[in-house]
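Right, one structure below, let's go through it.
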């Protein structure tokens, strides 16, 4: 309902602005907060809502509480290569 509409509004307004993109045209969105408040649900909603605008140029990478930097980089690389297939 209203929550989903607000997510659409926030996600599209942010991504339409060129300032939302980094200097190389790349953005990383980070959502932080206490466990159980709906971070993953929110992230999945936004991820799915921007598909039309970004197609396969969007990646989903989960990060644990204590991420291993090398493991995280491998996940990001794996997702970015998947786009090329």
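The values are calculated or read from the model by the stated rules, or taken from the named source; none is laboratory data. Predicted, not measured: the structure shown is a model, and the values here were computed from it. Glycine also receives a Cβ, built like all others from the backbone with ideal geometry; neighbour counts cover every protein chain displayed.
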If residue 48 satisfies every condition in (1) in a loop (DSSP other than H, G, I, E, B); (2) within 14 Å of the chain's Cα centre (by Cα); (3) surrounded by 12 or more Cβ atoms within 10 Å (Cβ to Cβ); (4) at pLDDT 75 or above but one, which is the exception? (1)
Among the residues of segment 17-26, are any in a helix (DSSP H, G or I), exposed (fewer than 12 other Cβ atoms within 10 Å of the Cβ) and modelled with pLDDT of 80 or more? no
Restricting attention to segment 51-75, report how many residues are modelled with pLDDT under 85, assigned to a helix (DSSP H, G or I) and within 16 Å of residue 27 (Cα to Cα). 3
